[in-house]
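J.: Quick one: the structure is below, and I'll ask about it shortly.
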Amino acid sequence: MYNKLLSPLDLGFTTLKNRTLMGSMHTMLEEAENGFERAAVFYAERARGQVGLIVTGGIAPNKEGWVGPHAAKLSEESEVAPHKLITDAVHKEGGKICMQILHSGRYGYHDKVVAPSPIKAPINFFTPRELTSEDIEGTIEAYANCAKLAQQAGYDGVEVMGSEGYLINQFIVKRTNHRTDEWGGSYENRMKFPVEIVKRIRERVGENFIIIYRLSMLDLVEDGSTWEEVEILAKAIEKAGATIINTGIGWHEARVPTIGTVVPRGGFAWVTKRLMGKVNIPLITTNRINMPGIAEEILQDGSADMVSMARPFLADENLVLKAIENRADEINTCIACNQACLDHTFTMQVSSCLVNPRACHETILNFLPTKNKKKLAVVGAGPAGMAAATVAAERGHEVHLYEAESEIGGQFNMAKVIPGKEEYAETIRYYGRMIEVTGVHLHLNTKATTEQLLADGFDEIVLATGVTPRQLNIEGIDHPMVLDYAEVLYRNKAVGKRVAIIGAGGIGFDMAEFLAHDHEAVSPSMDTKKYMEEWGVDMSYQKGGATAPPAPAPSPREIFLLKRSGGKHGKNLGKTTGWIHRASLKMKNVQMLANVAYEKIDDAGLHISVGEEHQVIAVDNVVVCAGQIPLADMHEALQAAGKTVHLIGGSKLAAELDAKRAIKEASEWAAGV
């Protein structure tokens, strides 16, 4: 079924079992206590899951290359031993693994930061020291030394991180390289740094060692590489001794989303395809490839020789194995939310996965067969309830899952209709299949009652009934023009051409995104060409960086997004995705008002005051997105009757919809019941 994806790839001195690469991720495991032991188990599970080749998170070749103070580095023999834990564990499972060498350059969050020129990054507050010619030679040597130590540690190869705006990328482009010596000026001089690094590594490690070069094929910043320069560098890197070229997309400071859920599946494969046939070594394509079907399409289309998937292996360590066994419907799909992976990394926490809280916690959270089978009731089939029910049933318990609606999914049924969040439907699909596979007794259209739960003799009961929209105490709140978010997103109530949204948290932003799109048209997140136009990516690559003016489709509505508090809208959104939501709504001309006091609602519209100024916003509808309250109304009665009752997800804490916490709580309960 996935003939190309699952076919071997001959590298001459070694063969990869299939065309899947587990791409590099900063998991923070290497920096955590007992982190290498944990990382060994993490990578070994993916190797057992039949990944063709694994690449570790970035390891610095020296202190200047740290991504942060005391981040992982490999520059001395004393640092080799912990890495052997990883390589031995992967090889024991029949896998292959490369270590990524990453020098952060001006992106490093520490006081030793260096760069080709002393230009501060817009996403950093440290100004880098300019490398001298002697420093540059020392840095090239540090890369070669790091690669040799990686070879001693048992790695099958290294990946040289030459993209995403890190040090090597900073040398290549005029944007960050203002040097006038032999390492700056002409492109021949600017590209010498990566070429010398690959050449030196090959000399040091010999022929039978994989060298992947991660080449920035699309910078998405002004004064980035031209396509002609990309081709020139690719050929030079091949000649210098690279085994494979991997695709890098976008700098961290680029204002184009490249991995968020708004990006179409395989949305950047066209970039790699431009380079196919221009070099004689395999090319890997990457970004938003999360299922074997899309990977197979990309390979069959001739866009690449291999596909890189990183976060999808957080979501499901057995993704490849399930493809091999024709069980793709059982894959726990990455929804590209970033909430437990990148958001954790950028706040110095160990990564995990919203849909799979075991990721990076394999030594802590496990679902072992139960020795004490129980009869369990789970009330509510939202994310928390679905996770609790399926994990408990997988362990061997008899589980009954009750859902008042006609379908499972809970709040995800609303999330999946938001343009850019269509992937959330995959989580519902996954749990639907797991309910079948694990033998959960599913009771749809069934509102569980206290009497019924007591009569059916359950050993333990889990209330995962979720939340309901919070009602506001505003004069006229019962006016016909007023709707709550569930009525719009789940009950499909019509909304007029002018609308005010009360509440600018995550739900308010989602509502604005939903209302700012024409639902008769295909969402840009489902159409690569439309997406690139909307966000200003020039697919014809007319100038360096391939940037273009954003050209979003106009909003079909005039939208006002209001909040009581002051400050920037969306300040509490995801660390790595909040800017995307703000930029998207700005492109749609959504008007954002803060410090709003709500006075009343009547036929004239929404009466508000901002400071001393009173105004009436004439609208067709007011949509309330001002929080929610829990629905666990049976808790006390069940407890009073002597039952063991647990609250999880929104039923436990309704402050903000939080699927990450809900699924994690559910999984932890089910692991221990």
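The values are calculated or read from the model by the stated rules, or taken from the named source; none is laboratory data. What you see is a predicted model; the values in this text were computed from it and never measured. Reconstructed Cβ throughout: ideal geometry from the backbone, glycine too, with neighbour counts over all protein chains shown.
J.: Name every residue in the range 1-24 that is part of a loop (DSSP other than H, G, I, E, B) and in contact with a helix residue (DSSP H, G or I) (Cβ under 7 Å, 6 or more places away or on another chain), in order of residue number. Don't jump to the end; show me each part of the working.
T.: From the range 1-24, those part of a loop (DSSP other than H, G, I, E, B) are 1-8, 11-14, 17-19, 23-24; that's our starting set.
Within the range 1-24, Y2, K4, L5, L6, N18, R19 meet the criteria.
J.: Looking only at the range 49-72, decide whether some residue is within 30 Å of N332 (Cα to Cα), of a type in the set (K, R) and part of a helix (DSSP H, G or I).
T.: no
J.: If you take the residues in the range 8-28 that are out of contact with any Asp or Glu (no Cβ under 8 Å at 6 or more places or on another chain) and small (G, A, S), which one is surrounded by the fewest Cβ atoms within 10 Å (Cβ to Cβ)?
T.: Among those residues, the one meeting the criterion is G12.
J.: Go through the residues of the range 137-146 one by one and say whether even a single one is modelled with pLDDT under 95, among the acidic types (D, E) and farther than 25 Å from T286 by Cα.
T.: First pass over the range 137-146, keeping only residues modelled with pLDDT under 95: none.
No: zero hits.
J.: I'm trying to understand the selection: among the residues of the range 337-380, which are under 18 Å from A671 (Cα atoms) and small (G, A, S)?
T.: Scanning the range 337-380 gives S352, A359, A377.
J.: Looking at (1) touching a residue at least 60 places away in the same chain (Cβ under 8 Å); (2) surrounded by fewer than 24 Cβ atoms within 10 Å (Cβ to Cβ), can you tell me which one A500 breaks?
T.: Among (1) touching a residue at least 60 places away in the same chain (Cβ under 8 Å); (2) surrounded by fewer than 24 Cβ atoms within 10 Å (Cβ to Cβ), the lone unmet condition for A500 is (2).
J.: Separate question: Could you tell me whether the range 72-83 includes any residue that is polar (S, T, N, Q), farther than 28 Å from E222 by Cβ, in contact (Cβ under 8 Å) with a residue 40 or more places away in the chain and surrounded by fewer than 20 Cβ atoms within 10 Å (Cβ to Cβ)?
T.: Our first condition is that a residue be polar (S, T, N, Q); within the range 72-83, this holds for 75, 78.
Going one step further and asking which of them are farther than 28 Å from E222 by Cβ, we end up with 75, 78.
Applying the additional criterion that residues be in contact (Cβ under 8 Å) with a residue 40 or more places away in the chain yields 75.
This time we only want the ones that are surrounded by fewer than 20 Cβ atoms within 10 Å (Cβ to Cβ), so: 75.
The answer is yes, given that some residue of the range 72-83 is polar (S, T, N, Q), farther than 28 Å from E222 by Cβ, in contact (Cβ under 8 Å) with a residue 40 or more places away in the chain and surrounded by fewer than 20 Cβ atoms within 10 Å (Cβ to Cβ).
To keep it simple, each residue is scored yes or no on (1) in a helix (DSSP H, G or I); (2) within 24 Å of the chain's Cα centre (by Cα).
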| residue | (1), (2) |
| --- | --- |
| G385 | yes, yes |
| A393 | yes, no |
| S406 | no, no |
| V417 | no, yes |
| G420 | no, yes |
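J.: Looking at the structure I just gave you, is G410 closer than 22 Å to T450 by Cβ, touching a Pro at 6+ places or on another chain (Cβ under 7 Å) and outside any helix (DSSP H, G or I)?
T.: yes
J.: I'm checking my understanding of the structure. Among residues of the range 354-383 that are of a type in the set (V, I, T) and in a loop (DSSP other than H, G, I, E, B), which one is surrounded by the most Cβ atoms within 10 Å (Cβ to Cβ)? I'd like the intermediate steps shown before the answer.
T.: Going through the range 354-383, the residues of a type in the set (V, I, T) turn out to be 355, 363-364, 370, 378-379.
Now drop any that are not in a loop (DSSP other than H, G, I, E, B), which leaves 355, 363-364, 370.
Details: V355: 26, T363: 14, I364: 13, T370: 16.
So, considering only residues that are of a type in the set (V, I, T) and in a loop (DSSP other than H, G, I, E, B), the one surrounded by the most Cβ atoms within 10 Å (Cβ to Cβ) is V355.
J.: Filter the range 338-353 down to the residues that are more than 20 Å from G248 (Cβ to Cβ) and aliphatic (A, V, I, L, M), then identify the one that is surrounded by the most Cβ atoms within 10 Å (Cβ to Cβ).
T.: A340
J.: If the Cβ limit is 8 Å and pairs must be 6+ apart or interchain, which residue in the range 109-120 that is closer than 16 Å to I168 by Cβ pairs with which residue that is acidic (D, E) and not in a loop (DSSP other than H, G, I, E, B)?
T.: Matching pairs, first to second residue: V113/E64; V114/E64; V114/E130; V114/D135; A115/E130; P116/E130; S117/E130.
J.: Now, a different point. Confirm whether A486 is in contact (Cβ under 8 Å) with a residue 12 or more places away in the chain and within 30 Å of L275 (Cα to Cα).
T.: Numbers: in contact (Cβ under 8 Å) with a residue 12 or more places away in the chain: yes; within 30 Å of L275 (Cα to Cα): no.
Judged against the criteria, A486 is not a match.
J.: Turning to a different aspect of this structure: Residues in the range 515-528 that are surrounded by fewer than 21 Cβ atoms within 10 Å (Cβ to Cβ) and assigned to a helix (DSSP H, G or I): how many?
T.: Qualifying residue count, the range 515-528: 2.
J.: Something else now. Are any residues in the range 319-337 under 18 Å from the mean Cα position of the chain (by Cα) and either hydroxyl-bearing (S, T, Y) or surrounded by fewer than 23 Cβ atoms within 10 Å (Cβ to Cβ) (or both), and if so, which ones?
T.: The initial filter retains those residues of the range 319-337 that are under 18 Å from the mean Cα position of the chain (by Cα), namely 319, 331-337.
Of everything in the range 319-337, just one residue is under 18 Å from the mean Cα position of the chain (by Cα) and either hydroxyl-bearing (S, T, Y) or surrounded by fewer than 23 Cβ atoms within 10 Å (Cβ to Cβ) (or both), namely T333.
J.: Could you tell me which of the residues A464, A486, A494 is under 30 Å from K375 (Cβ atoms) and of a type in the set (A, V, I, L, M, F, W, C)?
T.: Values: A486 fails: under 30 Å from K375 (Cβ atoms); A494 fails: under 30 Å from K375 (Cβ atoms).
Selected residue: A464, the only one of A464, A486, A494 that is under 30 Å from K375 (Cβ atoms) and of a type in the set (A, V, I, L, M, F, W, C).
J.: Okay, moving on. Just the residues that are closer than 11 Å to N445 by Cβ and either of a type in the set (D, E) or crowded, with 21+ Cβ neighbours inside 10 Å (or both), please, taken from the range 402-419.
T.: Within the range 402-419, the subset closer than 11 Å to N445 by Cβ is 402-407.
The answer is Y402, E403, E405, E407.
J.: Of everything in the range 111-147, what is more than 29 Å from the chain's Cα centre (by Cα), buried (at least 18 other Cβ atoms within 10 Å of the Cβ) and either of a type in the set (V, I, T) or in a helix (DSSP H, G or I) (or both)? Give them in sequence order.
T.: Those that are more than 29 Å from the chain's Cα centre (by Cα), buried (at least 18 other Cβ atoms within 10 Å of the Cβ) and either of a type in the set (V, I, T) or in a helix (DSSP H, G or I) (or both): I136, T139, I140, A142, A144, N145.
J.: Tell me which residues, restricted to the range 253-272, are within 20 Å of S525 (Cα to Cα) and out of contact with any helix residue (DSSP H, G or I) (no Cβ under 6 Å at 6 or more places or on another chain). Even if it seems obvious, please write down each step before you answer.
T.: Taking the range 253-272 as the starting set, the residues that turn out to be within 20 Å of S525 (Cα to Cα) are 254-272.
Hits for the range 253-272 are A254, R255, T258, I259, T261, V263, F268, W270, V271, T272.
J.: For the range 268-287, name all the residues that are touching a strand residue (DSSP E or B) at 6+ places or on another chain (Cβ under 9 Å), over 13 Å from L215 (Cα atoms) and either crowded, with 22+ Cβ neighbours inside 10 Å or of a type in the set (D, E, K, R) (or both).
T.: Within the range 268-287, F268, A269, K273, R274, N287 meet the criteria.
J.: Name the single residue that is surrounded by the fewest Cβ atoms within 10 Å (Cβ to Cβ) among those in the range 609-647 being of a type in the set (A, V, I, L, M), at pLDDT below 95 and part of a loop (DSSP other than H, G, I, E, B).
T.: Of the residues in the range 609-647, the ones of a type in the set (A, V, I, L, M) are 610, 616-619, 622-624, 626, 629, 631-632, 634, 637-638, 640-641, 645, 647.
Next cut, at pLDDT below 95 only: 610, 626, 629, 631-632, 634, 637-638, 640-641, 645, 647.
Filter again for part of a loop (DSSP other than H, G, I, E, B), leaving 626, 631-632, 634, 641.
Working: A626: 23, L631: 18, A632: 24, M634: 21, A641: 12.
Per the criteria, the residue is A641.
J.: Further question on the same structure: Can you spot a residue in the range 41-50 that is under 24 Å from I284 (Cα atoms), crowded, with 22+ Cβ neighbours inside 10 Å, of a type in the set (D, E, K, R) and assigned by TED's automatic domain parsing to the domain that holds I201?
T.: Yes.
Quick grid of which residues meet (1) in a helix (DSSP H, G or I); (2) more than 17 Å from G508 (Cβ to Cβ); (3) at pLDDT 95 or above:
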{"position": "M539", "(1), (2), (3)": "no, yes, yes"}
{"position": "N572", "(1), (2), (3)": "no, no, no"}
{"position": "K575", "(1), (2), (3)": "no, yes, no"}
{"position": "N589", "(1), (2), (3)": "no, no, yes"}
{"position": "Y598", "(1), (2), (3)": "no, no, yes"}
{"position": "H607", "(1), (2), (3)": "no, yes, yes"}
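J.: I'm trying to understand the selection: among the residues of the range 395-410, which are in contact (Cβ under 8 Å) with a residue 40 or more places away in the chain, in contact with a helix residue (DSSP H, G or I) (Cβ under 7 Å, 6 or more places away or on another chain) and either farther than 16 Å from D459 by Cβ or outside the structural domain of A662 (by TED's automatic domain parsing) (or both)?
T.: Residue satisfying the conditions is G410 alone.
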